[in-house]
């Protein structure tokens with residue numbers, strides 16, 4: 001793979017990561033949010049594949065396939081199962097921040113990400129390190145979703161966005177991480193999602209909803 005094609009594909013996949021994160025922040029329907037998370041999983045897998053082709057590393061191809069199966073297939077499937085039977089809870093109706101403010105916050109977070117990442121980009125300038133601010137922006141947007149959404153499932157997607165961004169940073173800064181490390185992290189994320197899915201189901205069975213504000217009122 002020549003350098004020009006490598007940079008173009010890298011920019012394209014990083015753009016996909018950022019666009020899907022913004023769409024998750026913009027939309028309120030849980031089904032659409034989960035779909036955007038699955039598309040982001042595909043973009044992350046393609047990012048790893050681009051690095052594998054550029055580095056000529058067979059191990060990275062295996063990791064790319066694992067990322068595709070887990071983050072674009074298995075995790076979205078588990079999220080859809082958690083959403084099934086939720087009724088009116090299939091939409092984020094009362095987020096703490098409205099759409100316009102959320103998009104303005106995303107722009108501010110992107111500027112912050114570029115500011116804090118600039119020393120690292122300057123230290124080792126390359127096509128991969130120049131894409132690091134995009135991955136940092138995905139992490140910050142994921143955290144923003146986590147703290148501003150009321151539905152437990154929406155907050156779970158925010159957590160997974162953060163994980164995708166952190167994973168992208170790891171690949172971009174090291175030109176790939178070890179297969180064992182990536183598998184260990186992925187299994188931890190899968191375990192967390194399984195536990196949170198069980199908790200969400202129990203919350204719905206016991207209280208009839210997963211709106212955290214309403215559950216807080218029950219406690220009070």
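For region 102-125, check the following and say yes or no: at least one residue is surrounded by fewer than 19 Cβ atoms within 10 Å (Cβ to Cβ), in a loop (DSSP other than H, G, I, E, B) and modelled with pLDDT under 85. The answer is yes; a qualifying residue exists.
Please state which one of 83, 1 is more than 16 Å from the chain's Cα centre (by Cα), closer than 25 Å to residue 129 by Cα and modelled with pLDDT under 85.
1
Considering the conditions (1) buried (at least 20 other Cβ atoms within 10 Å of the Cβ); (2) closer than 21 Å to residue 140 by Cβ; (3) in contact with a strand residue (DSSP E or B) (Cβ under 9 Å, 6 or more places away or on another chain), residue 30 is excluded by exactly one of them, (2).
Results for (1) at pLDDT 90 or above; (2) more than 14 Å from the chain's Cα centre (by Cα); (3) over 30 Å from residue 173 (Cα atoms); (4) in a loop (DSSP other than H, G, I, E, B), shown as yes or no for each residue.
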site	(1), (2), (3), (4)
63	no, yes, no, no
89	no, yes, yes, no
95	no, yes, yes, yes
130	no, yes, no, no
135	yes, no, no, no
143	yes, no, no, no
157	no, no, no, no
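If I filter region 27-38 down to residues being modelled with pLDDT under 90 and either within 14 Å of the chain's Cα centre (by Cα) or in a helix (DSSP H, G or I) (or both), which single residue comes out as farthest from residue 158 (Cα to Cα)? Here the answer is 31.
Filtering region 128-146 to residues that are surrounded by fewer than 18 Cβ atoms within 10 Å (Cβ to Cβ) and in contact (Cβ under 8 Å) with a residue 24 or more places away in the chain leaves only 129. If you go through region 114-127 and keep only what is touching a residue at least 40 places away in the same chain (Cβ under 8 Å) and closer than 27 Å to residue 36 by Cα, you end up with just 127.
Just one of (1) at pLDDT below 60; (2) exposed (fewer than 15 other Cβ atoms within 10 Å of the Cβ); (3) out of contact with any helix residue (DSSP H, G or I) (no Cβ under 7 Å at 6 or more places or on another chain); (4) more than 23 Å from residue 70 (Cβ to Cβ) trips up residue 204, so point out which. Of the numbered conditions (1) at pLDDT below 60; (2) exposed (fewer than 15 other Cβ atoms within 10 Å of the Cβ); (3) out of contact with any helix residue (DSSP H, G or I) (no Cβ under 7 Å at 6 or more places or on another chain); (4) more than 23 Å from residue 70 (Cβ to Cβ), the odd one out for residue 204 is (2).
Hey, any hits in region 67-83 for a residue that's without any contact (Cβ under 8 Å) to a residue 24 or more places away in the chain and touching a helix residue (DSSP H, G or I) at 6+ places or on another chain (Cβ under 6 Å)?
no
The values are calculated or read from the model by the stated rules, or taken from the named source; none is laboratory data. This structure is a prediction, so every number in the text was calculated from the model and none was measured. Glycine also receives a Cβ, built like all others from the backbone with ideal geometry; neighbour counts cover every protein chain displayed.
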